[in-house]
Amino acid sequence: MQAEHDGTGRAGERLDRGESSLRPALPEIDSGELLASFPEPMILYDAEMVIRFANAPAVESLGFDPTSLSIDAMRERIDLRSPESDDRAVDLDQADGERVARSTFYRFHDSAGRVHMALGSSAPLVRRGEVVGVVWTWIDITDRVRAEEMLSVAMDRLEDELVERTIELIESQELLEEISSSTHLLMAGLDTSFNYLRVNKTFAGALGRPPEFFPGRNHFDLFPCERTERRFEQALLSRRVLNAKQHALFRAERPDLFYDWSLHPVLGQDGEADELILVAVDVNLRMKAIDDLRKATEQIKQAKRLSDIGTLAATVAHELRNPLGVIRTAVYNIRRKSGDPALERHIANIEKKIDESSAIINNLLNYSRMQTPSLKRLRVGDIVSESITGARKRFRTHPAKISRNLRGLRGAFVKADVSQLRMVFDNVLVNALQAIEGDGEVRVRGTIGKDGAAVVEISDTGCGIEPQNLERIFDPFFTLKAKGTGLGLAVSSELLALNKGSISVRSKPGAGTTVKVKLPLDGRES
Amino acid sequence: MTGAKVLIVDDDRDMCAELAEMLRLEGYTVDTAHDGLEGKRMIDGGAYAVVLLDLKLPLYDGPELLRHIKETSSARVIVITGVPLTEELGREALSWEEREPVLDLADAVAEKPFDISGVLESIRRFARPRSPEAL
């Protein structure tokens, strides 16, 4: 028994030695070297189906040298089966009868119990019409089958993945389109050097450019910002999403636009970011809304304060009217009873102050009862004239002049409340005259503005208003006068608003002040 | 004094005193009342040519008294008020809708601090005898 495997080179010797045994003689094979060097596994059976020779590849494939094993022992040893024939043991000796070569797919176990796949062929060895042996060769295809199986599994997996990805892609494509067409999300794809690959319409629109402007251009060439660039680079390196809030992403060009944005690195197969998706939300509206809300809240607070003050003012004013009435009656009685001319100057002063107090009270009351105006069509020039006449009367002793030029308002009508409008011009004229100490001039000019509104400008050559005070002059109870309620301009502004008009003031400290009253025109008649 | 009789109804005693003094100097016979009930009693007890009536009165409200005066006498009434006539000033004051028809009953309305010569002129006018038998 030759159980040793001693390499391919000496197969011929073994064949020779076999001849010396009791077994029938093998057919003479001219080139033992050739058999031994046959590159695929090969086994030779003798006529009694006992293995007489196994070449080196066969020994390697089986994991043992099968020489001297009978075919039954061999079958048992390697658990030889053919999956193609319903796991039935392969009848190698069938070749005996048929004398034809057969090719079959086999499965067998090696000495270590590993399952092998083989594509085998058997053929009878015939000498002078007699079968003297069987040659069995096979190709071990275990690795190939395994590779194929793995490949198949991999292919299946790939296919599944492909389907999944395709679905995802379709979904994300839809999502992308949905997002892209949405009016408020700005989206852009950037390469790793921050060059634009593509942008959506919203993105381009926000910057007033067509979408095709962007591809190929560098974000930081267009909108240089070192700090943002550093953060972009960090996002790229860390492969993490970068977020920013209320940031002027396009500061270089649009410092007025603020965005909440995020930069998403898209990872390639190598795990490195190979693209960046920039998504930005325009938060200007939100910021504006918050700002508006804050302003509105402020206005409501102010209105509430004014309403409280108004109620208080009205109550106080009302309560003051009674004692003032008593004082006036008492003064009347004093004058009547004394008949003393020496007292006359003092009495006149008291009466004057009663009038002034009464005027303050009325102003307070007017402020607290800002009523819905009863709008009537009236000549604005007439109202201004009446106010000028009234002011001249009241400021008889004031050295300042009042000049007027109302020709520009000739035939100009406005829709307004007569008494409210009168109050506005009265207040403005009183302010103008009180701003002038000694000589000076108040000029009243009426024109039609470019926007078609009636404009009355009242300028004085008075002391003017410091810039820091100018922004407060419409605040209720803000006054620069020693004896003022601080309600004149606040009331005027409110009244004009009620009459769809407006008031503005410009001033130069030391040079004078100009108050501009505007009212929408309601036609002209000559 | 043979002047016409004038009644002043005002809860402000100083107001009553000064007005009374003023009217007496003008030759009128003057009575004063400081609340609504007192005013009502005096109206019911004497024939006044003119009543100067404050609208905000304790015990018996001015508008009620005004209505009573107009229903029971021939007195002319001048309403003297510190309440702005076009303004609602809180719960105590009558709303314009309530007050307006009442004020229609008044012969004149004077807002404090009223113009004295105007009030005196009204009183003179109202105190003149109206009925033929008085002529």
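Here is a check on your reading of the model: is A:Asn363 in contact with a Leu (Cβ under 8 Å, 6 or more places away or on another chain), in a helix (DSSP H, G or I), touching a residue at least 12 places away in the same chain (Cβ under 8 Å) and surrounded by 17 or more Cβ atoms within 10 Å (Cβ to Cβ)?
Here the answer is yes, as A:Asn363 does meet what is asked.
Go through the range B:5-48 and give me each residue that's under 18 Å from B:Gly118 (Cβ atoms) and in a loop (DSSP other than H, G, I, E, B).
Listed by number, the residues that qualify are B:Asp10, B:Glu26, B:Tyr28.
How many residues does the range A:324-345 hold that are more than 8 Å from chain B (Cβ to nearest Cβ) and in a helix (DSSP H, G or I)?
Residues flagged as more than 8 Å from chain B (Cβ to nearest Cβ) and in a helix (DSSP H, G or I) within the range A:324-345 amount to 9.
Just to check your reading of the model, which residue among A:Ser358, A:Ser374 is of a type outside the set (Lys, Arg) and within 11 Å of another protein chain (Cβ to nearest Cβ)?
On inspection, the qualifying residue turns out to be A:Ser358.
The rows are residues; the columns are (1) within 14 Å of chain A (Cβ to nearest Cβ); (2) farther than 22 Å from A:Leu324 by Cα; (3) not polar (S, T, N, Q).
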residue: B:Ala4; (1), (2), (3): no, yes, yes
residue: B:Asp10; (1), (2), (3): yes, no, yes
residue: B:Met15; (1), (2), (3): yes, no, yes
residue: B:Leu25; (1), (2), (3): yes, no, yes
residue: B:Tyr28; (1), (2), (3): yes, yes, yes
residue: B:Glu38; (1), (2), (3): no, yes, yes
residue: B:Asp44; (1), (2), (3): no, yes, yes
residue: B:Leu52; (1), (2), (3): yes, no, yes
residue: B:Leu55; (1), (2), (3): yes, no, yes
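Condition check ((1) crowded, with 16+ Cβ neighbours inside 10 Å; (2) modelled with pLDDT under 75) across all residues:
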| position | (1), (2) |
| --- | --- |
| A:Ser31 | no, yes |
| A:Pro41 | yes, no |
| A:Glu48 | no, no |
| A:Ala54 | yes, no |
| A:Ala73 | no, no |
| A:Ser82 | yes, yes |
| A:Asp87 | no, yes |
| A:Val115 | no, no |
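So which residues in the range A:439-453 are over 26 Å from A:Ser357 (Cα atoms) and over 47 Å from the mean Cα position of the chain (by Cα), if there are any at all?
A:Asp439, A:Gly440, A:Glu441, A:Arg443, A:Val444, A:Arg445, A:Gly446, A:Thr447, A:Ile448
Of the residues A:Ala273, A:Ala289, which is at pLDDT below 80, farther than 30 Å from B:Gly82 by Cα, more than 14 Å from chain B (Cβ to nearest Cβ) and crowded, with 16+ Cβ neighbours inside 10 Å?
None of the others qualify; the one that does is A:Ala273.
Going through the range B:49-77 one residue at a time, which ones are in a helix (DSSP H, G or I) and in contact (Cβ under 8 Å) with a residue 12 or more places away in the chain?
B:Gly62, B:Pro63, B:Glu64, B:Leu65, B:Leu66, B:Arg67, B:His68, B:Ile69, B:Lys70, B:Thr72
Among what's in the range A:371-421 and is among the hydroxyl-bearing types (Ser, Thr, Tyr) and in a helix (DSSP H, G or I), pick the residue that is surrounded by the fewest Cβ atoms within 10 Å (Cβ to Cβ).
Among those residues, the one meeting the criterion is A:Thr389.
Looking at A:Arg524, A:Arg472 in this structure, which one is among the charged types (D, E, K, R) and over 49 Å from the mean Cα position of the chain (by Cα)?
A:Arg524
The values are calculated or read from the model by the stated rules, or taken from the named source; none is laboratory data. Because the structure is predicted, anything quoted here is derived from the model rather than measured. Neighbour counts are summed over all protein chains in view; Cβ atoms, including those assigned to glycine, are modelled from backbone coordinates with ideal geometry.
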